[in-house]
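Reviewing the structure listed below.
The values are calculated or read from the model by the stated rules, or taken from the named source; none is laboratory data. All of these numbers come straight from a predicted model, not from anything done at the bench. Neighbour counts are summed over all protein chains in view; Cβ atoms, including those assigned to glycine, are modelled from backbone coordinates with ideal geometry. Heavy atoms of the whole protein, side chains included, go into the accessibility calculation; ligands, DNA and RNA do not. Shrake-Rupley method; radii C 1.70, N 1.55, O 1.52, S 1.80 Å.
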Amino acid sequence: VLRKRPPPSSPPGVNPPPFPASANTISLASASKVMDRSNKSYEYGAPTRTLPKRIILVRHGESYGNVDESEYTRTPDSQIRLTSNGHAQATETGRQLRGLFDKGQDAAAAPDPYQVFFYISPYRRSKESALGIARAFDKRQILGVREEPQLREQDFGNFQDLYKKKAEKRERQYFGRFFYRFPNGESGADVYDRITIFEDHMVRDIDAGRFSEDTNMVLCTHGLTLRLFLMRWFHWTVAEYERIANPANSTPIILERIEGPHVNRGTFHTKECYRLSDESLTALRGCTQDMATMILPEHCWERALALSEEEVKWGSQVDVSRDSMDVGAGGDVRGSGDSGDSGAAVNKDGCNFDPEKSSC
């Protein structure tokens with residue numbers, strides 16, 4: 001039986017809104033990036049856009065692989081479990097986060113003052129860590145849990161040969177930690193690519209109003225993946241990433257929502273609205289204050305052009321510091337010359353790596 005289509009609710013030629021507008025939804029008309037060339041800013045969302053209160057990254061608790069590298073020779077990386085100490089670390093992290101979230105909340109005025117949403121790596125040690133953290137909260141406070149394979153550990157190549165893997169890790173130190181690809185595995189750059197995809201999905205969920213302003217997002221993942229998440233989020237350079245060390249097991253790295261009249265949610269990118277907490281800066285050895293917020297390319301292009309220690313090690317011929325640059329009207333950057341020596345130690349012999357003599 002064919003049913004007659006009901007008449008449109010809007011006048012001809014006028015498209016109805018996709019859903020009722022409210023303070024908790026984003027104007028789709030302003031969702032696309034539009035460059036404002038008058039002040040070099042962008043349009044990302046409506047001023048009423050809701051942003052989660054915190055984004056917390058947690059490296060899994062201590063695992064059997066952390067205390068005995070031979071575990072990787074007999075157990076699939078994805079199935080390596082937490083030690084008893086690792087379980088205790090996860091429980092303590094949950095207690096710390098519960099205390100942080102409860103701080104300043106009036107439970108009498110709001111029985112459910114906040115919610116927690118988990119993104120977790122599918123690896124067992126991350127799941128066990130998330131479970132230990134989640135137990136600190138009431139069930140009604142858990143907004144949801146989503147398994148994300150893109151948050152998994154760097155792939156090192158199936159079951160691992162202990163001695164070959166140690167030699168490969170020494171070679172990685174010489175070659176460069178970001179670009180070195182393990183045989184049958186991934187490079188840091190490969191992990192960066194999949195983290196980029198994950199972050200795009202997560203930011204779209206945020207911009208779509210999926211989370212309230214009292215939501216705390218907890219990502220249970222791995223050390224290298226965590227650092228690459230921050231690299232992508234804050235737009236660190238490769239050199240900046242390579243000088244950052246892993247945080248300790250189960251140490252929360254917290255991105256706080258930036259508050260204040262200077263924050264325009266209609267023009268600021270979602271990533272611009274967060275910064276690393278002071279405690280998190282301390283936990284990330286090598287991280288500096290200027291790396292704690294999103295880097296805007298028009299404000300710090302000199303950082304992207306500065307030579308890293310790795311590049312100096314392999315030889316540099318062009319000085320791209322601010323004082324030696326001549327930026328023409330067309331924006332072309334001209335160095336001080338294409339020959340000569342920068343004065344720093346230069347490797348003129350190419351790759352002379354010897355895995356039996358090099359150390360991590």
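What the table shows:
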read-out: Residue match in region 278-285 (condition: at pLDDT 50 or above, in contact with a strand residue (DSSP E or B) (Cβ under 8 Å, 6 or more places away or on another chain) and among the acidic types (Asp, Glu)); value: yes
read-out: Odd one out for PHE159, checked against (1) part of a helix (DSSP H, G or I); (2) open to solvent by 30 Å² or more (accessible area, probe 1.4 Å); (3) in contact with a helix residue (DSSP H, G or I) (Cβ under 7 Å, 6 or more places away or on another chain); value: (1)
read-out: Members of region 200-209 found to be open to solvent by less than 50 Å² (accessible area, probe 1.4 Å) and part of a loop (DSSP other than H, G, I, E, B), listed by number; value: GLY209
read-out: Qualifying residue in region 247-266 (condition: open to solvent by less than 10 Å² (accessible area, probe 1.4 Å), in a loop (DSSP other than H, G, I, E, B) and modelled with pLDDT under 95); value: yes
read-out: Matching residues in region 102-138 - criterion: being modelled with pLDDT of 95 or more and of a type in the set (Lys, Arg); value: ARG124, ARG125, LYS127, ARG135
read-out: Enumeration of residues in region 220-235 that are of a type outside the set (A, V, I, L, M, F, W, C), more than 25 Å from GLY144 (Cβ to Cβ) and within 8 Å of the chain's Cα centre (by Cα); value: ARG227
read-out: Every residue from region 289-311 that is open to solvent by less than 50 Å² (accessible area, probe 1.4 Å) and in a loop (DSSP other than H, G, I, E, B); value: ALA292, MET294, ILE295, LEU296, CYS300, SER308
read-out: Residue in region 105-121 that is part of a helix (DSSP H, G or I) and either surrounded by fewer than 17 Cβ atoms within 10 Å (Cβ to Cβ) or among the polar types (S, T, N, Q) (or both) present; value: no
read-out: Single residue of region 221-246 satisfying the filter (of a type in the set (Lys, Arg) and closer than 14 Å to LEU281 by Cα) that is least open to solvent (accessible area, probe 1.4 Å); value: ARG227
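So that you can scan it fast, the table gives a plain yes or no per residue for (1) out of contact with any Cys (no Cβ under 8 Å at 6 or more places or on another chain); (2) aromatic (Phe, Trp, Tyr); (3) over 21 Å from TRP236 (Cα atoms); (4) buried (at least 16 other Cβ atoms within 10 Å of the Cβ):
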residue: LYS169; (1), (2), (3), (4): no, no, yes, yes
residue: ARG177; (1), (2), (3), (4): yes, no, no, yes
residue: GLY188; (1), (2), (3), (4): yes, no, no, yes
residue: ILE195; (1), (2), (3), (4): yes, no, no, yes
residue: PHE198; (1), (2), (3), (4): yes, yes, no, yes
residue: PHE211; (1), (2), (3), (4): yes, yes, yes, yes
